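Please read the structure below before turning to the comments.
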Amino acid sequence: MRFSALKVFTQGLSGNKGWTPHWRDPEPKAEYDIILIGGGGHGLATAYYLAKNHGMKNIAVLEKGYIGGGNVGRNTTIVRANYFLPGNSEFYSHSLKLWEGLSSDLNYNVMFSQRGLINLFHSDGQRDAFARRGNAMVNQGDDAVLLDPDGVRKHLPYLDFDNGRFPIFGGLYHPRGGTARHDAVAWGYARGADQRGVDLIQNCEVTGIDIENGAVRGVQTSRGPIRAKKVAMVAAGRSGQVAAMAGMRLPVESHVLQAFVTEGLKPCIDHVVSFGMGHFYISQSDKGGLVFGGDLDFYASYGQRGNLPMKEHVMEAAMTLMPMIGKARVVRSWGGIMDMTPDGSPVIDTTDTDGLFVNCGWCYGGFKAVPASGYAYAHLIATGQPHETATGFRLDRFRTGVGLIDEEGTGSQHNLH
Amino acid sequence: MRITCPYCGTRDIREFAYRGAAIDANRPAPDAGAAAWDDFVHLRDNPAGETQDLWYHEGGCSAWVMVTRNTVTHEVLECRAVKP
Ligand SMILES: Cc1cc2nc3c(=O)[nH]c(=O)nc-3n(C[C@H](O)[C@H](O)[C@H](O)COP(=O)(O)OP(=O)(O)OC[C@H]3O[C@@H](n4cnc5c(N)ncnc54)[C@H](O)[C@@H]3O)c2cc1C
Ligand SMILES: [Zn+2]
């Protein structure tokens, strides 16, 4: 079924009884050409582009839980292309372009809202660093505007500009950045893949990867064995466990990242605001809740919930930046499992096993990457060659030290990103 | 989460800095080669369940503590001093 304004109107007149499920619920077949392990944003987008761009048909996405239950439905939905380093820049630039056409491409409203993102700075040194980053963004063909304090004030009058510890010196404004409805992204890609013949198999946990003579043969699952010519891992926070089934150890440590939402309020925060010095960022959802978060809890965890110290830290940073937030009541907090790499950048690559591919290491920034990651991973799986926007995401960069993508400049070591 | 420092007793995790997986005891020889060093510096078992990691009692006595804990439940099972 294609969605359209007319459809919404006629369905409204007939009691909305004609809507059908967005995707099928098929039984797993005995064999597929391609199996994707993990039905998060990246797995679903990969399936979609395999079918759409490469004409592949016989594909299954195996998801141990339900579609949208992982990080794709737990993140704070920020989309931006403000990266600095080659390797990242061209990739996130491509992703942002895909975001801009996504709702119409998928025929599904992902509520992509380019409300603009403002990164605040609080010192001369930080201003220089952001000016340089802004120039890199412009060189990449994206947009960036350096704002002075008055420029920030026009957009964000509610900030504490003269804060004693973090006075606001200005901000780097990225007008094309914004937010999207995370669930809709998962559902839209799921529906698009399903319509092109991909089997989405939920409640199907992969428990083993079958390898014979150095080539992948299929997988073992909670719903029985399934053969496959190619197997692509894309399990985000669980990447370490899935790779272990293929005898691999990854440069990944899984950490918990928390997020928070307040009760619904009238529109007051029109942009995405990021306060790097306080490890704090915020936006307002279309329902009115203030959605915000901070840094990792900073210990290895699969808990999907965090501890109190980071909650307090985030609340304190919020109060420092915008004292008005003290009147809002937090209604929910949660956590997600982040696949952290030593240099903070991801991996989209082949492995030493024929027909086995790896996509992981999205850290806390993989939502914005969903379209371009699916696009590039599909290209790699279909052609065996990396896509031109994702040539830097090599697994061996850690071993060789060549081509590390350390965006924060803190060093390529676990626990520094 | 609360961690028991062998010298100071049970303390809030705010007092501790996290180092990561407790691999430092198995440091390879300087000439062990790229694969061994890659293994040591980057690759991780990253278990969902029981793990051992190193915490530094930064806000206390500066001891290094080897903590056995569960990464799914956040239970702290055992804490002991790391002997140099
Ligand atoms: C609190 C929070 C805030 C965030 N904010 C942002 C943000 O603002 N902007 C941004 O760009 N990014 C953000 N992120 C990061 C982003 O959400 C992730 O990087 C991204 O969603 C990960 O990719 P995914 O969607 O494919 O992951 P997931 O949705 O987690 O997909 C992985 C799937 O694999 C499945 N799986 C695992 N093991 C198996 C198995 N053995 N068999 C079958 N299936 C399996 C899981 O059930 C899961 O559904 C945030 C994350 C969190 C937690
Ligand atoms: Zn102590």
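No value in this document is a laboratory result; all are computed from the given coordinates. Worth saying up front: this structure is predicted, and the values here are computed from it rather than measured. Every residue, glycine among them, receives a Cβ derived from its backbone with ideal geometry; neighbour counts consider all protein chains shown.
Tabulated data for the structure shown
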quantity: Tilt relative to chain A, helix A:308-321 - C-alpha long axis, 0 to 90 degrees, to 10; calculated: 50 degrees
quantity: Cα long-axis angle, helix A:124-139 against chain A (0 to 90 degrees, to the nearest 10); calculated: 40 degrees
quantity: Choice from A:Thr351, A:Thr400, A:Thr221 with maximal GNM fluctuation in chain A (Cα, 10 Å cutoff); calculated: A:Thr400
quantity: Highest-fluctuation residue, A:Asp349, A:Asp124, A:Asp396 considered, GNM on chain A with Cα pairs under 10 Å; calculated: A:Asp124
quantity: Fully extended contour minus Cα-Cα distance, from A:Ala131 to A:Glu31, at 0.36 nm per residue; calculated: 30.7 nm
quantity: For the range A:332-417, the Rg and Dmax computed from alpha carbons only, in angstrom; calculated: 13.5, 45
quantity: Net charge over other residues, Cβ less than 14 angstrom from the Cβ of B:Val65 (K, R count +1; D, E count -1); calculated: 0
quantity: Listed residue pairs exceeding 25 Å between alpha carbons, taken from A:Lys29/A:Lys229; A:Lys229/A:Lys368; A:Lys97/A:Lys229; A:Lys97/A:Lys266; A:Lys52/A:Lys368; A:Lys57/A:Lys230; calculated: A:Lys229/A:Lys368; A:Lys97/A:Lys229; A:Lys97/A:Lys266
quantity: Full-extension gain in nm, A:Gln385 to A:Glu212, via 0.36 nm per residue minus C-alpha separation; calculated: 60.0 nm
quantity: Lys/Arg +1, Asp/Glu -1 at C-beta; the range A:269-417 dipole; positive extreme among A:Ile381, A:Ala369, A:Ala328; calculated: A:Ala328
quantity: Relative contact order, percent, chain B [alpha-carbon distance under 8 Å, six or more residues apart]; calculated: 32 percent
quantity: For residues of A:236-248, the mean tally of beta carbons on other chains within 10 Å; calculated: 2
quantity: Shape call, chain B: gyration tensor on alpha carbons, a/c limit 1.5; calculated: oblate
quantity: Candidates A:Ser301, A:Ser123, A:Ser14: whichever shows maximal mean-square fluctuation once chain A is modelled as a Gaussian network with Cα springs under 10 Å; calculated: A:Ser14
quantity: Length-normalised contact order of chain A in % [C-alpha pairs under 8 Å, at least 6 apart]; calculated: 22 percent
quantity: Translational D in µm²/s for the range A:69-166 (Stokes-Einstein at 25 °C, 0.890 mPa s, Kirkwood Rh from C-alpha pairs); calculated: 156 µm²/s
quantity: Within straight-line cross-link reach of A:Lys311, lysines at Cα separation under 19 Å, skipping those fewer than 8 residues along the same chain; calculated: A:Lys327
quantity: Mean separation of Cα contacts under 8 Å, 6 or more apart, over the residue count of the range A:98-230: relative contact order %; calculated: 25 percent
quantity: Nearest-ten-degree value, helix A:41-54 long axis tilted from longest Cα axis of chain A; calculated: 60 degrees
quantity: Cα-based Rg / Dmax (Å) for chain A; calculated: 21.5, 66
quantity: Check: chain A dipole with +1 on Lys, Arg Cβ and -1 on Asp, Glu Cβ, in debye; calculated: 1180 debye
quantity: Descending Cα extents along the principal axes, the range A:291-391, whole Å; calculated: 55, 25, 23
